[in-house]
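Written out below as structure tokens is the structure these notes cover.
Laboratory data are not the source of any read-out in this text; all were calculated from the coordinates shown. Keep in mind the model is a prediction, meaning the values are calculated, not measured. Using ideal geometry, Cβ is built from the backbone for each residue, glycine included, and neighbour counts are taken over all protein chains shown.
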4 protein chains.
Amino acid sequence: MPGNSFGHTFRLTTWGESHGPAVGCTVDGCPAGLELCVSDIQRELDRRRVGQSKVSSARQEPDQVQILSGIFEGRTTGTPISMLVMNSDAKSSHYESIKDLYRPGHADFTWDAKYGFRDWRGGGRSSARETIGRVAGGAIAKLLLTTAGVRIFAYTLALADPQAGPDQMLRAQVFDFEEIERNIMRCPDIKVAAQMVERVDAARRALDSLGGIVEVRAQGVPPGLGEPVFDKLQADIGKAMFSIPAIKGVEFGEGMDVATMTGAEHNDPFMRRDDGSIGVASNHHGGILGGISTGEEIVVRLAAKPPASIARPQQTVDRAGDPATIEVHGRHDPTVLPRLVPIAEAMLAMVLADHLLRQRMARLR
Amino acid sequence: MPGNSFGHTFRLTTWGESHGPAVGCTVDGCPAGLELCVSDIQRELDRRRVGQSKVSSARQEPDQVQILSGIFEGRTTGTPISMLVMNSDAKSSHYESIKDLYRPGHADFTWDAKYGFRDWRGGGRSSARETIGRVAGGAIAKLLLTTAGVRIFAYTLALADPQAGPDQMLRAQVFDFEEIERNIMRCPDIKVAAQMVERVDAARRALDSLGGIVEVRAQGVPPGLGEPVFDKLQADIGKAMFSIPAIKGVEFGEGMDVATMTGAEHNDPFMRRDDGSIGVASNHHGGILGGISTGEEIVVRLAAKPPASIARPQQTVDRAGDPATIEVHGRHDPTVLPRLVPIAEAMLAMVLADHLLRQRMARLR
Amino acid sequence: MPGNSFGHTFRLTTWGESHGPAVGCTVDGCPAGLELCVSDIQRELDRRRVGQSKVSSARQEPDQVQILSGIFEGRTTGTPISMLVMNSDAKSSHYESIKDLYRPGHADFTWDAKYGFRDWRGGGRSSARETIGRVAGGAIAKLLLTTAGVRIFAYTLALADPQAGPDQMLRAQVFDFEEIERNIMRCPDIKVAAQMVERVDAARRALDSLGGIVEVRAQGVPPGLGEPVFDKLQADIGKAMFSIPAIKGVEFGEGMDVATMTGAEHNDPFMRRDDGSIGVASNHHGGILGGISTGEEIVVRLAAKPPASIARPQQTVDRAGDPATIEVHGRHDPTVLPRLVPIAEAMLAMVLADHLLRQRMARLR
Amino acid sequence: MPGNSFGHTFRLTTWGESHGPAVGCTVDGCPAGLELCVSDIQRELDRRRVGQSKVSSARQEPDQVQILSGIFEGRTTGTPISMLVMNSDAKSSHYESIKDLYRPGHADFTWDAKYGFRDWRGGGRSSARETIGRVAGGAIAKLLLTTAGVRIFAYTLALADPQAGPDQMLRAQVFDFEEIERNIMRCPDIKVAAQMVERVDAARRALDSLGGIVEVRAQGVPPGLGEPVFDKLQADIGKAMFSIPAIKGVEFGEGMDVATMTGAEHNDPFMRRDDGSIGVASNHHGGILGGISTGEEIVVRLAAKPPASIARPQQTVDRAGDPATIEVHGRHDPTVLPRLVPIAEAMLAMVLADHLLRQRMARLR
């Protein structure tokens, strides 16, 4: 089974290279009858687009989406929804001079190892432009989830802070979710957001880049989603998040810190909610127990490595293995975090849409 | 697509409940011609078995595996390999009294939410006995990988240390991989192992349980494994690990700590190895770049929450939502870490076996 | 993706060789809450069993099924249902002498070509004993369909008639469906059934075997089942039927004869039924239009080649390619038709169960 | 799993409606390194195109394909190949007047039954324009097969002959394969081709349409392709062929006629070929034994029903179930056979490409 599709019932296939004619995707499995128009997709793509602010790449692309199939009179028909975005600002000349060098931290070497050669223009298919298809698919998933009362949002939780010393992060302290889309870092803490922007500026001046953490949440998820035993909800979300470029760690609820906890601390007591339904008194578990949603908020965090493209000279080798010094020019983000926010939302939305549909088959009628 | 299968080309399906007649699995897609006998499977199952030491549950099961198909004259035939283990020491009476209560931290509530009812005997299918099928499948994957020069091993890296204060861990300092299978904690640091055993004893006396971290490594993985873009190697490994019960965090290489690093620190320079091949001078990336193996050691860490079954009274509700106090008796592990080691190895082995086979299709011949 | 699984949402995996310890299967994706007991499975297996009459093989096997998982208190739990049947009457000695010869019409040569070697005992995995898993899985699918008002049945429609000359068949003229299970040919026409038994006896005496046709019907199928465009209902049924050993032709409705018809003859006019629903005035289309069920009876016919095992000497070669004469002893059916009936029913039942579940995802709620 | 994808390793996804902006497809899983240019695709699409001759629809579409991804410097890169064809001659007005009527023999009623509504313009997704994506995907599969020495071709074998009386066909008697692409019927028998054209003309004048048979062959298929037990080669080919609109019967080798044969007649003796390899002395089996290719020519026949769109008035109902008379205008083919030829070739090519790749995993290395 080739690797460019995701999901079982709500299924996305993406295609396209950074400097090819276009990038796009097909969503298969969206139920018939969902109200959908181009602006629903465009709104999310605009959030992902580069050139939105000084913290992201200067590449200018309108990223205007076209819907080519699957919609009739404003509603999905149950057939595949094909979408594409033309590539308009591809400057391959930046890449021509380094096409035989392996950029550190990039996929140049591994793609050659896999396929024997690669489309080196703009990173080819390993470019972040591939995520356009994900965000487009995720926009449809979000609409579907909205009809079920599910809301998804993400934000920049933390950013590396080299000025504060090794292993330090700038981390949101105050969580004002209305603030997220108002600042260019998409951080819920307005003060920390300002500090983050300063650090990103400093990193760019230092010809360096910064890692960080995005947190994604889903509210209103009905209990019961997730398929034992391999397609547990956290397994499918974990896969979704680790399929995003640059992600090196994923955690739910207390995350890696569960390693420091005892059972008495971590167990969340069940209780009766005011509306009579069963809930939990705390949410250490992050919304999933035994691989199945509990109805509590799902909380996921992703650690993104610092972007590999930095403007300073780096040691590497060429295809023949001969040592070389490489300077990566082009238009690169010193941080991917704000743009990672809509991508992470999209991936979570698609997993939940998939499991929302799969849950329809769990019981006899 | 139901959720009890894993992998695309090397494909495992597990079945069975804790207190049903048996648990087992089918491996489909193992190439013909692999030398395989029962003891290859049994050896790994013995490592997973409970009752091996004082740090694990007192349930006594020989867990003797039978191979029912797919082998002829000592070699795999290319047909499905069916294996089963009878359940011999199931004591359902422990569970009868609490069958209408939702154990905190367990999947009782979520399974009821999903299916409307559940097999409450011993946790039913959400029991850790399900992992027998994984370890059996992983044993075959390991044999297949051995023919390609790949070696996989795991160990207990860290354990919660409640006596040292909140958020503290006992963590291996010295890595003697020969030591792993010699101590009951499967920790590569003999001194830390002894401390861990003490803490586990203390936790049991305190009617509590402990979280921790297992680290898994794969050596000798050829460069080129992993399928862009959704079936990236870390995506499939991430899914595999998050499908294991109790896992709340998964990370590769520097893991969550990449959030505190800069690009200049994290990028691993490419270099020519002594044998002329291309490698990297450091392994911050943990063996995978762009979703594809680099040939360096793959390094994964899993954070396991403290086991939810603790012997002290806990607040909860019953199926009707009425408040209740629950005391979970039975035979439970105060830590799952040593038994998690072979399970994590099995899951990594199956992902790599799957991608080793998938890589056969990457290029024209 | 290995080839031993069938179906997307109601998914069967079979395993086992003719002379291995057992054959069996796992059904994954059966919804929770279906009432199911061993006798529901056994009843169907008894219909498939050899040794039922003088028209089938003399091999004596009780084929007693065990259910190992997925049932609790008489109902399916939503988890995999594992079933097995021990192989009790395997006589490999019949096969030892011909293990290096390629039996004409059998899969010996092709399995060697594929895998390099094969389990030659009793045909190994290419034996008809593999269909035990299909019939067991189909029995569950039938129960699920029954809850939706769908009824499936099949019968022997025609048998080769060598005494009447080339290209002649004995074909049922009268269709009394109550008659099917009363005669050993499972033919709905009692007179033709008697003639068929005579021909089978004659074929056995002539050390020969006979081909024929089975017809399968599904009544009460709701309109709307089938997934455009590749998983059309006839595509999935076609695959199901062609996966049964010995099938060389499959047709729906008028079948191959549509090649002789005009549009005016073949088109079925739509009309209003007495109950107000929309139906068709005739059923040339065989219950499926555009790949989707119409609500009319689904009618499928399968042509089974004459069994390849005949007791007369035949020309062939051995593994080295050297010419040889082979005499296939053992206990073989001169016709497979009566035993094909429950197998064909099982395959149709599984396709319809699969699409019944898939249809749950077609529309927004 | 939604139904718009086909194949496991060489995987096609099609999208698009008859009167939407475009139709297209994505091929995922084509190995890297295959030489491929637009004209390789266009050549096959030109064979499928309408308006080629007087026996097909008058709709005029250039059907010019664009390749949007997956090719670099004239070779496939291993990434998805996205292709599209704009819809340029869509005249929806023909359909507006009948949008609430169910055309006999068409999918209007069943799509409404499935999805609740449908894109009625030009048949929407149930239009034959969807097969453009199949032919584009098949063109790539053919190139891949060519590198393995496999050649595929098809032709019109038979056509209904209403003037000769019921149940009669015009059937090729002489097989000159060079003749196929020279006549507009794509019939290998030049004399019969001329008679077929006469009958098609007569059918058009009679406001009627004709059924027929296409035969497809694959030469040079290596022995060993096909996956026991459900993904047998004939099962996957059967599914492929039954997924083509209008197909009501599929058969291999002797096909439905095996029902009239005895084992002694049908069994093909194995023999040593002149080159030392093992072959068969006859090919009753049609190139597949036990679901696996033998190396002999694969021979498949498809029966296509007469096109449902006929210009004469027909009885039907509207969406409310009220009786109505319908006259289907528009531009319709009185026979689909010549255009079915490249479609059938494409489907067979994709199945064989898929199994050629899957066979790479059958054995240990």
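In table form, for the structure just shown:
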quantity: Chain C residue with Cβ closest to the axis mapping C onto A, distance in whole Å; calculated: C:R360, 2
quantity: Filter on B:K99/B:K191; C:K114/D:K239; B:K114/B:K305; B:K232/B:K305; B:K232/D:K114; A:K239/B:K54 - keep pairs with C-alpha separation over 32 Å; calculated: B:K99/B:K191; B:K232/D:K114; A:K239/B:K54
quantity: For region B:164-263: span of alpha carbons on each principal axis (Å, largest first); calculated: 49, 31, 29
quantity: Residues C:L12, A:L364, sorted so that the one with the fewest Cβ neighbours within 10 Å comes first; calculated: A:L364, C:L12
quantity: Inter-site label distance for D:S92 and B:A320 at 7 Å from Cα along Cβ, in nm; calculated: 5.8 nm
quantity: Order of B:H285, B:H106, D:H94 - criterion: other Cβ atoms within 10 Å of each residue's Cβ, fewest first; calculated: D:H94, B:H106, B:H285
quantity: Computed Kirkwood radius, in angstrom, where 1/r is averaged over Cα pairs of the protein assembly as shown; calculated: 32.8 Å
quantity: Percent of alpha-carbon pairs separated by more than 33 Å within chain D; calculated: 32 percent
quantity: Chain A: relative contact order in percent, alpha carbon pairs under 8 Å with at least 6 residues between; calculated: 21 percent
quantity: Helical segments meeting 15 Å axial Cα length and Kyte-Doolittle -0.5 threshold in chain B (DSSP H); calculated: B:131-146, B:190-205, B:337-358
quantity: Range of Cα positions in region B:204-342 per principal axis (Å), largest first; calculated: 66, 32, 29
quantity: Length gained when the stretch C:Q163-C:A281 is fully extended (0.36 nm per residue, less Cα-Cα span); calculated: 38.6 nm
quantity: Rounded FRET efficiency, nearest 0.05, which uses the C-beta distance separating A:E198 from D:R312 and R0 of 60 Å; calculated: 0.15
quantity: Inter-copy label distances at C:H329 (7 Å, Cα→Cβ; nm, one decimal); calculated: 6.3, 7.7, 8.5
quantity: Inter-copy separations for D:K99, label at 7 Å along Cα-Cβ, nm, ascending; calculated: 5.0, 5.8, 7.0
quantity: Ascending list, in nanometres, of distances separating the C:S53 label from those of the other copies (7 Å, Cα toward Cβ); calculated: 5.0, 6.4, 7.9
